[in-house]
Amino acid sequence: MTQSMLAMQAFDKGDVRLTEVPVPTPTDGQVLVKMELASICGSDLHIVDYGWLVEEYPLRPGYPGHEGIGTIVEANGTDLKNGDRVLVTPAIWGSLCFAEYQALGTNFLTVLPEASDQQPDHLLMAQQLGTVIFAAKRLPNLLGQTCVVMGQGSAGLFWNFVLKHLGADRVIAIDPIAHRLEIGAGFGSDDRIGETFDAATRGVLDLTGEGADVVVEAIGTKETHGQAMDLVRPDGQIVWFGVPQSAESIPFDFDTFFRKRIAAYSPLGAQDELELSSFRQALKWINEGSIDMTDVVTHSFPLSRIDDAFKAARKREDGAVKIVVTMG
């Protein structure tokens, strides 16, 4: 096997390039995975462009990709075997999916269905869908509830679907990008607001009166983090799903939080869940056709064009939702 591989490396904020580095050697309990596909998450942009979780540049080769599919080429005495195709879901601070090879523990791998009619890039979406399923497990009973989803990127679209699956009566989607709002209707949104900030808040209050029962912030900016409290009703629930843009402190309106008696949480940790059950559920839904990823996976770039892939993810133009990177 080759001793070197190609990998993405961020040399400074927004500066991603292709580099050649040694193929990693798996340690005890790890396997070596030959990566086939990876996809760009909004959190990747927050790390690469804004410096979230970054102490210094350049970043490690392959980092921060954490959504991947690959084939095991060195099982290294584990319970898995060479040739197994796997969904790769590492913890975000140890994620190196933007590389041709990756060594990681079997606790971050889920074997793909042997027989599947689904495209590999559709199965790849199980990573992010799984994080949404995991986060939604902490919600109260949603039967008859009104929910707001802030942002209609892939995470927001998956939230539409999961909220309706759990019995939400009404899902209100917010996003200024028209094509994403339109796609959101197919994932379960009942009302769509193409405004932002104050205009969006007025739109939600016009539809609900005093706010939604549940608000999901799936963007990850300090402005939308605070706005979520304006959109939720008294005694309502907020899910701060979007990761921060940076490590800087976010101003917090504790008076509103206190007076409205809001409950809120941030659901990190799907990668540590027992048997990766949320990712397995996501794979099941995709594999059996319960959720269609055709309108989600919109663009694909080879690893050699990783800079173009990140530019497309940033610009969100030409119908872009989810950007996939191919290693072959």
Original post:
Amide H to amide H under 5 Å from R192: which residues, 5+ apart in sequence or cross-chain, H placed 1.01 Å off N in plane?
Top reply: A173
Subject >> HN-Hα J in Hz across segment 234-242 - Karplus 6.51, -1.76, 1.60, θ = phi - 60°, x for Gly and Pro >> reply: x, 6, x, 10, 10, 10, 8, 7, x
Original post:
Assuming R0 = 35 Å, what is the FRET efficiency of R138 and D308, from their Cβ-Cβ distance, to the nearest 0.05?
Top reply: 0.40
Original post:
Roughly what would the spin-label model give for N107 and Y265, points 7 Å off Cα along C-beta, in nm?
Top reply: 2.1
**OP:** Set the Förster radius R0 to 25 Å, insert the Cβ-Cβ distance between K13 and E317 as r into 1/(1 + (r/R0)^6), and round the FRET efficiency to 0.05.
**Re:** 0.75
**OP:** Enter the angle in degrees (range 0 to 90, nearest 10) between the Cα long axis of helix 306-315 and the first principal axis of the Cα atoms of the chain, meaning the one along which they spread out most.
**Re:** 0
**OP:** Just need log10 I(q)/I(0) for segment 139-265 at q = 0.12, 0.18, 0.20 Å⁻¹, Debye formula, equal scatterers on the alpha-carbon atoms, no solvent, rounded to two decimals.
**Re:** -0.38, -0.89, -1.11
Original post:
How high is the FRET efficiency between M1 and H165 when r is their beta carbon distance and R₀ equals 35 Å, given to the nearest 0.05?
Top reply: 0.25
Subject >> K222 paired with S277, simple spin-label distance in nm, labels 7 Å along Cα-to-beta-carbon >> reply: 3.8
Subject >> Too-long pairs where the Cα-Cα distance tops 22 Å, listed order kept, from K164/K315; K81/K137; K34/K81; K13/K222 >> reply: K164/K315; K81/K137
Original post:
Considering only DSSP beta bridges with both partners in the chain, what is the antiparallel share in %, to the nearest 5?
Top reply: 55
Subject >> Stretch in the chain that is longest and holds no GluC sites (Glu not before Pro) that DSSP places in a loop and that have at most 14 other beta carbons within 10 Å >> reply: 115-194
Original post:
With each run of n ≥ 4 DSSP H residues scored as -39500 (n - 2.57), what mean residue ellipticity at 222 nm is computed for the chain after dividing by its residue count and rounding to the nearest 500 deg cm²/dmol?
Top reply: -8000 deg cm²/dmol
Original post:
Within segment 229-244, what residues put their amide N at less than 18 Å from the label point 7 Å along the Cα-to-Cβ vector of E210?
Top reply: 229-238
Subject >> Fraction in percent of alpha-carbon pairs per bin - 10 Å, segment 25-130 >> reply: 16, 48, 29, 7, 0
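For the chain, what ratio Rg/Rh do Cα atoms give with a Kirkwood hydrodynamic radius? Display every interim value, and only then the final one.
Numbers: Rg = 19.7 Å, Rh = 20.2 Å.
Here Rg/Rh amounts to 0.97.
Every number here is computed from the coordinates shown, using simple stated rules; none is lab data. Just so you know, these numbers come straight off a predicted model, no measurement behind them. All Cβ positions, even for glycine, are placed from backbone atoms using ideal geometry, and neighbour counts span all protein chains on display.
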